[in-house]
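In what follows, a single structure is set out as structure tokens and then discussed.
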Amino acid sequence: MFHLIKNIFPKNINVIKNSIFLSRTLNTKNIGVFSKFNTNSKIYLQRDQNKYFSSYSSVSFIAGANTSDILKDHPLWKLGHLNHVAIAVPNIDNAVNFYKNILGVDQVSEALPQPEHGVYTVFVNLGNTKIELLHPYGEKSPIKNFLEKNKNGGIHHICIEVNNISNAVKDLLGKGIRPLDPEPKIGAHGNPVVFLHPKDCGGVLVELEQVG
């Protein structure tokens, strides 16, 4: 039990081994009572109708609660905000002009080459999220075929933030969701990214980006 709690909350709780005990029942998955004040980890567990709370943790520990409930509340990775919607464009100058001069968006970045990904990127910052403009870079650009099928351009993918991309990929693989590449790459923001196969994501190319 000591190892279970320590491994679930490695950054939040510095557990003293003798501060917990197993409930004396046949179900060894049950959690016993926390009743110590740990001055080293600054965690105070107080009693309130058989519930024990940590001032540094949002989890409530209940005597006799099953550990599987705690695991569900603390997944190994978490989905975050929509980072951007990516639009492939046949003419990047025209696209920049549309967002910057016609729509009046203040924050529009310069076009930057991304050789590893085979694209030029421009980010249109809307405040709550961004639009990423994509234009082919090099002969082997992954969006070249997309633009051949969509002459006027169109939405290419969406990007969603995660807090741990390695754990996300492992978990999704176990659920039958295939990444396009076996390992994350560094994306336009300097963060690890991975793309998920559109056939496994409702026909949408989904990019995961590790943030934070």
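Summing Lys and Arg as +1 and Asp and Glu as -1 over all other residues whose Cβ lies under 11 Å from the Cβ of Phe123 gives a net charge of -1. Going by accessible surface with a 1.4 Å probe and the largest first, Thr121, Thr129 read Thr129, Thr121.
Annotation note: trypsin sites (Lys or Arg not before Pro) in the stretch 114-163 located in DSSP loop regions with a Cβ neighbour count of at most 16 within 10 Å are Lys140, Lys151. For the stretch 80-212, the normalised intensity computed at q = 0.10, 0.11, 0.13, 0.15 Å⁻¹ comes to -0.32, -0.39, -0.54, -0.73 (log10 of I(q)/I(0), Debye sum over alpha carbons, equal scatterers, no solvent). Answer with one residue from Ile160, Asn150, Thr121: the one whose Cα lies farthest towards the positive end of the charge dipole of the stretch 110-212, charges on Cβ with Lys, Arg +1 and Asp, Glu -1. My answer, from the dipole projection, is Asn150.
The values are calculated or read from the model by the stated rules, or taken from the named source; none is laboratory data. In this text the structure is predicted, and so the values were computed from the model without any measurement. No Cβ is skipped: glycine too gets one built from the backbone with ideal geometry, and neighbour counts run over all protein chains shown. Note: accessible area is taken over every heavy atom of the protein model, side chains too, but ligands, DNA and RNA are not part of it. Shrake-Rupley method; radii C 1.70, N 1.55, O 1.52, S 1.80 Å.
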